[in-house]
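The values are calculated or read from the model by the stated rules, or taken from the named source; none is laboratory data. Predicted model, so just to flag it, every value in this text is computed and none were measured. Note: ideal-geometry Cβ built from the backbone for every residue, glycine included; neighbour counts use all protein chains shown. These area figures cover heavy atoms from the full protein model, side chains too; ligands, DNA and RNA do not enter into them. Shrake-Rupley method; radii C 1.70, N 1.55, O 1.52, S 1.80 Å.
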Amino acid sequence: MGTLIQDLRFALRMLRKSPGFTTVAILTLALGIGANTAIFTMTNGLMLRTLPVRDPGRLVELLHQYPGEPAFNGFSWDAYQAIRDGNHVFSDLMMGSMNFFTVRGDKLQPQTVFGGTVGGTFFQGLGVRAAAGRLIGPEDVHVGYHAPVAVVSWSFWKSRFDLDPGVIGKKIVIGDAAVTIIGVAQRGFYGLSDEAPQDIWWPTSFGPSTGVGLLARLKPGVSLEQARAEMAVVFQTVVNAPDVDPFVRRMKLRIEPAGNGVTTPLTQMLSTPLTVLMATVGLLLLLACANLAGLLLARGASRQHEMAVRACLGAPRARLLRQTLTESLLLSLVGCAVGIFVAYFVAHALIRVFASGRFILGAPVHFEALTNPDAHVLLFTLAIALLTGLLCGVAPAMSASKTEPASALQQASRIGKSKSWRLFGKGLVASQVALSLALMSSAGLFVEYLSHLRNLNLGFDRNNLLLVTLDFAHSGYNAAQLSQVTQELVMRLDAIPGVSSTTFSSMSPMEGPGAASFAFAEDHPEKRTPASINYVAPAYFETYGTPFLAGRDFSAHDQTGSPVAIINETTARDCFANENPIGRHIILSHITLTKGERTYEVIGLVRDAKYNDLRQAAPPTIYADLLQQGFIGSEHSQLAIRTRIDPGGVASAVRQTEAAVLKTVPIVRIMTMNEQIDSTIVPQRLIATLSAGFGALGALLAAIGLYGLLAYTVARRTYEIGVRMALGAAATDVMRIVLRDALRMVCAGFAIGAPLAFWGKRVAASLIPDLPVASPLPVVVAAAIMVAVGLVAAYLPARRAMRVDPMVALRYE
């Protein structure tokens with residue numbers, strides 16, 4: 001122990017004697033370790049942290065999936081009963097759903113909270129305990145009957161009721177239903193996903209008309225594969241029932257582990273970007289290690305005289321090895337401590353990017369839960385620090401421990417001239433170039449992809465479009481009043497200077513469909529296609545800038561007539577082939593396990609427009625008349641305003657006009673269409689932004705490493721340069737030699753890095769299928785940047801070599 005303390009004290013003294021080297025080394029490590037810790041913290045919070053429930057490793061989530069569509073957890077009552085009664089692999093089958101609720105009560109201001117409706121075995125199956133009162137049980141849930149009870153989270157109890165024990169038995173109103181709080185869930189339990197915390201749970205009137213989410217616990221001894229095999233058979237009995245739509249029969253059941261929480265929009269959105277970023281910061285850490293190893297080697301070479309003296313005084317080789325490794329590990333631990341601060345700022349910068357996509361997640365995301373470090377993060381950071389210290393310190397330590405005292409004392413000034421050292425130094429430079437090339441080519445690939453997404457033809461005009469989301473939930477208007485006040489609002493908004501047109505819709509294009517259905521032509525029922533449905537008001541297509549190809553827009557006369565619809569090109573092609581759809585009838589069959597159809601007359605054909613996902617082709621889309629269907633005011637409605645000026649210039653006037661006309665209808669949010677589009681490509685923006693930043697950081701680290709090694713190489717070649725100049729070599733010849741050597745090392749790095757970069761592109765393409773990997777431009781641009789970096793890094797050492805005085809150099813030797 002005393003020897004270790006002595007080694008630490010000596011290492012501290014030596015590092016203090018070289019403040020420049022110490023600062024550069026610590027910052028290099030802090031950037032590499034900090035970036036890795038930040039990304040791992042987010043990955044841990046999103047995908048690795050287990051739920052605070054009993055035996056989370058046995059929990060599984062049930063999902064179903066149409067071919068080519070995302071999987072989702074939502075089952076019909078018939079499917080739930082079949083799974084409940086037909087399985088032999090689950091010890092518990094829990095049902096529930098997540099949603100927003102408006103909560104109010106005595107001394108409780110009205111507020112919107114995120115919560116869940118649960119079945120009677122929900123808490124019992126999870127093994128969640130009550131912090132106060134009792135939890136919802138089987139006695140509280142009856143088919144077709146809503147029990148007036150509720151359970152709140154511990155954090156909701158603390159923030160809204162100040163941990164008052166009298167909360168048990170208190171009456172509150174959820175939506176329009178009066179309920180009694182019967183219990184508080186255990187501290188730390190926020191539902192089935194930490195990043196989407198729930199504050200309240202209540203039993204709902206489950207029954208044939210409802211859909212439920214399903215979670216199950218595997219029986220002891222039952223494997224995941226056994227459960228998948230049995231439930232696939234059970235599920236087929238559901239989808240093959242006689243009254244099921246033929247398209248539904250293509251649906252498949254999936255069973256996935258749920259110990260880390262259920263699949264959420266945030267998980268789906270960020271799991272792939274975080275995987276890509278973990279690989280990226282791993283490369284960055286390797287680059288930092290190569291950089292630091294080069295610095296330590298150069299420093300170790302300059303200390304060979306010191307090591308020789310210590311060896312002559314009797315220091316054994318193991319002691320020299322331990323001392324050098326101690327310095328390396330000390331640097332790593334200090335870099336780790338600084339890296340934790342770097343990770344804190346990087347993680348919170350990520351939160352700001354994530355938060356811009358908050359409204360499309362379907363839940364109030366608790367981003368802070370993703371950045372709270374736990375034992376996994378701390379162990380990960382410590383492991384990285386120790387591994388980095390060993391990787392960076394082994395080669396210098398071995399070199400120092402093998403010092404031969406006599407030769408080192410006699411040739412102290414010739415250190416570093418051995419062929420093996422020169423080859424190793426050049427290998428380090430080439431590896432730095434290779435890693436930097438891979439980093440920057442990846443960054444260029446993702447930046448190019450992001451630029452491609454932002455310049456897509458969307459089928460509508462994204463510019464000068466203001467979107468206002470209104471909440472009609474508690475407006476107090478009846479259907480006739482809503483029709484009148486909304487038309488008045490549109491007229492008054494159209495009168496605002498700078499506004500050219502205004503319209504309502506149930507959803508904007510990037511928010512996804514207002515509903516989904518199967519569609520087929522009345523005279524071609526065999527041509528059945530899944531379609532997205534949006535309920536829109538007159539002037540929708542004018543406001544969004546989507547051109548008509550045939551037919552007409554909705555009008556006030558349609559409100560009292562038979563159902564009418566406008567379809568896009570893809571729907572016309574799928575349902576009517578090359579025939580004119582105007583005046584024909586299209587039938588919508590709702591996507592459920594039971595049939596329900598409605599017929600619409602097609603009055604218009606519009607150009608395809610992107611819907612929900614920029615990366616996918618426009619789906620078959622059917623636009624129904626919002627006013628004719630009576631859907632306005634039934635939920636959040638989207639107000640779209642086309643302007644002739646910057647949309648921000650009319651936002652204040654829009655707020656004032658809306659407040660004057662719709663006094664009881666609050667504005668949920670207001671944003672431009674460009675902002676909404678950016679919020680739907682958060683993963684792509686995240687990867688592109690961070691990849692560009694990490695690529696620039698990699699180039700900087702490579703430049704530092706190149707400069708350090710080249711400067712040291714030039715210093716070691718002082719005698720050689722002096723001889724060359726004494727024999728008549730010009731200063732430009734010396735510069736040419738140094739720059740040529742630098743370019744050779746850069747080209748060697750290209751030979752290693754180019755295959756790595758192209759391999760990385762294939763890996764990225766496997767994670768992001770529509771990535772444009774065929775383009776060689778990112779690799780070419782990255783190579784050009786590395787050539788420039790190499791020349792800049794070599795210029796200063798080359799200029800120093802040009803100024804060598806031959807007589808001084810020869811006397812020095």
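Solvent-accessible area of GLU675, all protein chains in place: 100 Å² (probe radius 1.4 Å, heavy atoms, ligands and nucleic acids excluded).
Percent of alpha carbon pairs in the stretch 534-582 separated by more than 15 Å? Distances greater than 15 Å cover 51 percent of the Cα pairs. In the distance distribution for the stretch 87-140, Cα-Cα pairs more than 15 Å apart total 62 percent. Label sites at LYS252 and LYS663, each approximated as a point 7 angstrom past Cα along Cα to Cβ, lie 5.8 nm apart. Across the stretch 496-595 the C-alpha pair distances fall into 5 Å bins from zero in the proportions 2, 11, 19, 23, 22, 14, 5, 2, 1, 1, 0 percent.
At a Förster distance of 30 Å, what's the computed FRET efficiency of LEU12 paired with ALA730, Cβ-Cβ distance as r, to 0.05?
Details: r = 47 Å, r/R0 = 1.56.
The value I calculate is 0.05.
For THR204, the residues whose modelled amide H falls within less than 5 Å of its own, excluding neighbours fewer than 5 places apart on the same chain, are VAL118.
The separation of the stretch 448-510 from the stretch 517-574, counted between C-alpha centres, amounts to 18 Å.
The charge dipole of the stretch 41-99, taken about its Cα centre with unit charges on the Cβ atoms of Lys, Arg (+1), Asp and Glu (-1) only, comes to about 240 debye. The distance from the alpha carbon centre of the stretch 157-191 to that of the stretch 636-704 is 35 Å, rounded to a whole number.
Keeping all protein chains in position, work out how much accessible area ARG134 exposes to a 1.4 Å probe, and write it in Å² to the nearest 10. About 100 Å², ignoring ligands and nucleic acids.
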